[in-house]
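For reference, the structure is listed below as structure tokens.
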């Protein structure tokens with residue numbers, strides 16, 4: 001009799017495994033869209049709660065919040081794409097008119113006097129890197145336009161996921177707790193830590209990085225840098241990465257302005273970057289994140305870079321969460337606290 005029971009259990013496990021594999025294959029094309037929907041739902045939690053308190057209807061509140069977000073996102077992307085593509089193309093065309101060897105000679109002379117070989121190699125490297133970067137950006141925009149129907153379908157899935165997560169969040173969290181194979185206290189720790197690391201990643205890195213990048217962008221406009229909006233977007237991207245920051249963009253821009261003869265604005269942009277852009281992180285981060293969002297910057301960095309490489313932009317958030325889960329699991333196992341439900 002026991003053999004029959006064991007056989008039935010293994011049959012059930014096999015069927016469940018096949019179903020899970022088939023489900024994964026079905027959802028694989030929409031994996032990024034689903035993850036992005038989860039992230040959007042997390043970001044929109046606060047406005048959703050405020051609206052739901054007023055109208056007392058979860059479905060209506062969730063629908064309104066998602067619709068407003070879609071409209072704002074669509075309008076923002078439309079105008080940003082128009083301006084940045086023009087700026088990127090203009091910068092690309094002007095690259096051939098810039099004497100990078102002369103510019104790098106002035107900069108390198110301060111550090112490596114009488115080293116023309118270094119200046120030559122550096123100018124070629126910079127020109128190649130900038131050309132490739134701008135070309136990649138233009139290609140991405142072109143690909144988005146060509147794949148517009150597919151993009152619309154993916155966005156529909158994204159906001160459908162966000163809508164239902166906002167509406168049924170409590171039910172979903174309860175269901176996850178039930179299916180986790182661990183004791184209640186271990187499951188609670190996993191869920192709590194996932195919230196903390198999501199908070200640290202979204203608000204501690206992404207939101208603060210956006211603020212830092214926009215602050216750098218103000219300097220680009222004030223001191224008349226070339227292609228200011230395009231440079232602002234680059235500053236935002238690097239501002240979101242731990243251990244890097246907007247300085248990766250504003251320092252080269254300030255140096256190039258100085259070397260090209262726009263000395264006053266180049267110096268002013270450098271001072272602005274040091275006094276304002278570089279210090280905004282120390283001012284804003286404690287206010288935005290607080291004690292709740294503290295996380296190991298190395299884990300955040302490795303997770304964001306690895307996630308970005310593996311699954312694209314959404315990996316900036318998913319990557320750190322996966323690494324943190326792994327560390328929690330290892331820590332619980334090491335201490336003998338990995339309690340399994342019986």
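The values are calculated or read from the model by the stated rules, or taken from the named source; none is laboratory data. Computed from a predicted model, the values in this text were never measured in an experiment. No Cβ is skipped: glycine too gets one built from the backbone with ideal geometry, and neighbour counts run over all protein chains shown.
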When restricted to 42, 78, the only residue in contact with a helix residue (DSSP H, G or I) (Cβ under 8 Å, 6 or more places away or on another chain) and modelled with pLDDT of 70 or more is 42
When you look at residue 246, is it buried (at least 18 other Cβ atoms within 10 Å of the Cβ) and modelled with pLDDT of 85 or more, yes or no?
no
Flag if residue 239 is buried (at least 21 other Cβ atoms within 10 Å of the Cβ) and either outside the structural domain of residue 278 (by TED's automatic domain parsing) or under 18 Å from residue 313 (Cβ atoms) (or both):
yes
Restricting the search to the stretch 217-227, which residues are surrounded by fewer than 21 Cβ atoms within 10 Å (Cβ to Cβ) and touching a residue at least 40 places away in the same chain (Cβ under 8 Å)?
222, 224, 226
Of all helices (runs of 4 or more DSSP H) completely enclosed by the stretch 1-77, which ones contain at least 1 residues that are free of Cβ contacts under 8 Å to residues at least 60 places away in the same chain and surrounded by 13 or more Cβ atoms within 10 Å (Cβ to Cβ)?
45-55
Those residues of the stretch 181-199 which are closer than 16 Å to residue 321 by Cβ and free of Cβ contacts under 8 Å to residues at least 12 places away in the same chain, in sequence order:
187, 192, 195
Going residue by residue through the stretch 209-223, is there one that turns out to be outside any helix (DSSP H, G or I) and more than 20 Å from residue 317 (Cβ to Cβ)?
yes
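Quick grid of which residues meet (1) assigned by TED's automatic domain parsing to the domain that holds residue 330; (2) in contact with a helix residue (DSSP H, G or I) (Cβ under 9 Å, 6 or more places away or on another chain); (3) in a helix (DSSP H, G or I):
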{"residue": "152", "(1), (2), (3)": "no, no, yes"}
{"residue": "155", "(1), (2), (3)": "no, yes, yes"}
{"residue": "160", "(1), (2), (3)": "no, yes, yes"}
{"residue": "173", "(1), (2), (3)": "no, yes, yes"}
{"residue": "187", "(1), (2), (3)": "yes, yes, yes"}
{"residue": "191", "(1), (2), (3)": "yes, yes, yes"}
{"residue": "197", "(1), (2), (3)": "yes, yes, yes"}
What about residue 172, is it over 24 Å from the mean Cα position of the chain (by Cα), closer than 29 Å to residue 330 by Cβ and surrounded by fewer than 16 Cβ atoms within 10 Å (Cβ to Cβ)?
yes
Can you tell me which residue is surrounded by the fewest Cβ atoms within 10 Å (Cβ to Cβ) among those in the stretch 199-216 that are touching a helix residue (DSSP H, G or I) at 6+ places or on another chain (Cβ under 8 Å) and more than 23 Å from residue 79 (Cβ to Cβ)?
203
